[in-house]
């Protein structure tokens, strides 16, 4: 499953109404650690296809979403289940750490 670009226009449908858990990567194009984390997130999107939805939010283009979830540093990974935040972490993590947060 491909990574979904999340915007304030599709956030409700793609994240809050999703029947699957959703991993959202809040990132910035200028952020070095975000560039390190991106391939890991992309790999998880493929590996967990059908069981987890993966989306990315460019904080520079989606300031309202970044504010709503109090994203102060990037990368920030937020896990949603049934429309609610179940995990929020900051910084580069391994695929295993991210999976633990998703499966919680």
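Conditions (1) modelled with pLDDT under 95; (2) under 17 Å from residue 3 (Cα atoms); (3) assigned to a helix (DSSP H, G or I), marked per residue:
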{"residue": "40", "(1), (2), (3)": "no, yes, yes"}
{"residue": "54", "(1), (2), (3)": "no, yes, no"}
{"residue": "65", "(1), (2), (3)": "no, no, yes"}
{"residue": "73", "(1), (2), (3)": "no, no, no"}
{"residue": "79", "(1), (2), (3)": "no, yes, no"}
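Taking residue 53 as the residue in question, decide whether it is under 13 Å from the mean Cα position of the chain (by Cα) and over 23 Å from residue 10 (Cα atoms). When the stated conditions are applied, residue 53 does not pass them. Each residue in the stretch 11-32 was checked for being exposed (fewer than 13 other Cβ atoms within 10 Å of the Cβ), over 13 Å from the mean Cα position of the chain (by Cα) and touching a residue at least 40 places away in the same chain (Cβ under 8 Å), and 1 of them qualify. May I ask you to say which residue of 35, 8 is in contact with a helix residue (DSSP H, G or I) (Cβ under 6 Å, 6 or more places away or on another chain) and either closer than 22 Å to residue 68 by Cα or surrounded by 13 or more Cβ atoms within 10 Å (Cβ to Cβ) (or both)? Testing whether each residue is in contact with a helix residue (DSSP H, G or I) (Cβ under 6 Å, 6 or more places away or on another chain) and either closer than 22 Å to residue 68 by Cα or surrounded by 13 or more Cβ atoms within 10 Å (Cβ to Cβ) (or both) leaves just 8.
For the stretch 88-104, filtered to residues that are loosely packed, with under 14 Cβ neighbours inside 10 Å and part of a loop (DSSP other than H, G, I, E, B), the residue that is modelled with the lowest pLDDT is 104. The residue that is surrounded by the fewest Cβ atoms within 10 Å (Cβ to Cβ), among those in the stretch 65-85 that are under 13 Å from residue 16 (Cα atoms) and without any contact (Cβ under 8 Å) to a residue 24 or more places away in the chain, is 84.
The values are calculated or read from the model by the stated rules, or taken from the named source; none is laboratory data. From a predicted model like this one, the values you see are computed outputs, not experimental measurements. Note that each Cβ is placed from the backbone with ideal geometry, even for glycine, and that neighbours are counted across all protein chains shown.
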